[in-house]
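Participant: Below is the structure I would like to discuss, written out as structure tokens.
All of the numbers you see were taken from the coordinates with simple rules; none came from a lab. A quick note: this is a predicted structure, and the numbers were derived from the prediction, not measured. Cβ sites come from the backbone with ideal geometry, for glycine too, and all protein chains shown count toward neighbours.
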Ligand SMILES: Cc1cc2nc3c(=O)[nH]c(=O)nc-3n(C[C@H](O)[C@H](O)[C@H](O)COP(=O)(O)OP(=O)(O)OC[C@H]3O[C@@H](n4cnc5c(N)ncnc54)[C@H](O)[C@@H]3O)c2cc1C
């Protein structure tokens, strides 16, 4: 039976979920097609929104604007889903080296936003080994990505706007002002398909830079006793973040060059050793996951419409920061679709007009 929708969204990771959400709020009829991949980037992410990163602890690109927008969008989504998947947290940043301690103190002296020193340096002595002390980063936010994506997916299925199936690119027919996919006709299709877009017939020239991340899921029963009321994220080279079912997420790697997308023995052994040298409590490894981040060479997202194939759009390239970038740019793209308002030039794919027009 022929079906007509305004917008077709490919992918229900964090990008597709927020685009669907903002389009629904704007009253735009749409359909999402997603084949459930348990190890997509969104489904294995720690879900951390950290306002300062890197060795020099600089505040990340657009962070104040992104945080304000994220808090609003996650709040609105929580109201729609009937549950909240965002919580405020802090990072306890154990300095791995004397240089990192100095970098933290330098940064604190220049610009103290988000950085603090503890009143009591012995606070975590019972649970962790840390010879160089620690600082704290706050506020940070933690998104329960698995919970959020599952709840959004359940609602989409109930409301009848999610098709659980593989989207076959070869079957998409593109016209001047509409697309056809089987019996389905839409005014536009937006690809929120993560790393699949790297090999897309429409966007292969975009400067994507796949980045692999591996993670261990660990059970550290004694850690709850150490944290009492707080439940921070811990960091010392790698991060240890609260995960589902009282477990911890330990990772991750950032690999620009890799031979396999699968979990590797090397990461497992290296991370297990790091944990043994850092955490004083007994722990067991419960799972080992890996995925590829849809990152970009210039570390800016890809948002907007193809200059030649006008009904074909993209929301992608969130790299290591999908949790904060996706809500912001999904809202911007939804507004662009409904009101024609501009997309930030440094995120708009129109900046690659020459590359995409070849
Ligand atoms: C180990 C790791 C840790 C991370 N930690 C964080 C973190 O703490 N904070 C943070 O902000 N970011 C983090 N990230 C980055 C974050 O996960 C990504 O930026 C974000 O998830 C990308 O979302 P996406 O929706 O673009 O893509 P994806 O999550 O890959 O979603 C794409 C969706 O498209 C679907 N799909 C693709 N092709 C097809 C097709 N042909 N047919 C049907 N469906 C299709 C897939 O099934 C999937 O559901 C982490 C990433 C990794 C790998």
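Participant: For the residue pair residue 176 and residue 258, what label-to-label distance in nm results when each label sits 7 Å from Cα along the Cα-to-beta-carbon direction?
Facilitator: 4.5 nm
Participant: Add -39500 (n - 2.57) for each DSSP H run of 4 or more in the chain, then divide by its residues: what number comes out at 222 nm, to the nearest 500 deg cm²/dmol?
Facilitator: -9000 deg cm²/dmol
Participant: Still on this structure, please answer the following. When only Cα pairs under 8 Å and 6 or more residues apart are kept, what is the percent relative contact order across the stretch 114-266?
Facilitator: 16 percent
Participant: At R0 = 35 Å, how high is the FRET efficiency between residue 308 and residue 88 if r is their beta carbon distance? Nearest 0.05 is fine.
Facilitator: Once rounded, the FRET efficiency stands at 0.20.
Participant: Between residue 76 and residue 4, what is 0.36 nm times their sequence separation minus the Cα-Cα distance? Round to one decimal in nm.
Facilitator: 23.2 nm
Participant: Taking Cα pairs under 8 Å and at least six residues apart, what relative contact order does the stretch 211-293 come out at, in percent?
Facilitator: Relative contact order for the stretch 211-293 comes out at 51 percent.
Participant: May I ask for the angle, rounded to the nearest 10°, between helix 322-339 and the longest principal axis of the chain, with both axes built from Cα atoms and the value confined to 0 to 90°?
Facilitator: That works out to roughly 20 degrees.
Participant: Taking the Cβ-Cβ separation of residue 68 and residue 245 as r and a Förster radius of 25 Å, what is the calculated FRET efficiency to the nearest 0.05?
Facilitator: My answer for the efficiency is 0.20.
Participant: With contacts defined as alpha carbon pairs under 8 Å and 6 or more residues apart, what's the relative contact order of the chain in percent?
Facilitator: Relative contact order for the chain comes out at 24 percent.
Participant: If I model a spin label as a point 7 Å beyond the Cα along the Cα-Cβ vector, how far apart are those points for residue 98 and residue 205 in nm?
Facilitator: So the label points at residue 98 and residue 205 sit 5.3 nm apart.
Participant: Fewest first, what order do 117, 162, 67 take by the number of other Cβ atoms within 10 Å?
Facilitator: Placing the least packed residue first, the sequence is 117, 67, 162.
Participant: Could you pull the Cα extents of the stretch 211-293 along its three principal axes, largest to smallest, in whole Å?
Facilitator: Per principal axis, max minus min of the Cα coordinates gives 42, 22, 21 Å.
Participant: Using only the alpha-carbon atoms, how far is helix 145-159 inclined from the longest principal axis of the chain? Give it as 0 to 90 degrees, nearest 10.
Facilitator: Value to nearest ten degrees: 30.
Participant: Here is a follow-up. Which FRET efficiency value, to the nearest 0.05, is calculated for residue 231 and residue 350 with the Förster distance at 25 angstrom and r the Cβ-Cβ distance?
Facilitator: Taking R0 as 25 Å, the efficiency between residue 231 and residue 350 is 0.05.
Participant: Further question: DSSP beta bridges in the chain, what fraction antiparallel, as a percent rounded to 5?
Facilitator: Antiparallel bridges: around 70 percent, rounded to the nearest 5.
Participant: Could I ask something else about it? Which ordering of 61, 278, 256 is given by a fewest-first count of other beta-carbon atoms within 10 Å?
Facilitator: 256, 61, 278
Participant: Something else about it: Compute the convex hull volume of the Cα atoms of the chain, divide it by the residue count, and report the result per residue in Å³ as a whole number.
Facilitator: Looking at the chain, the number lands at 145 Å³ per residue.
Participant: Let me ask another. State, to one decimal in nm, how far the label point of residue 297 lies from the label point of residue 164, with both points 7 Å from Cα in the Cβ direction.
Facilitator: 4.0 nm
Participant: By count of other Cβ within 10 Å, fewest leading, how are 124, 249 ordered?
Facilitator: Exposure proxy ranking, most exposed first: 124, 249.
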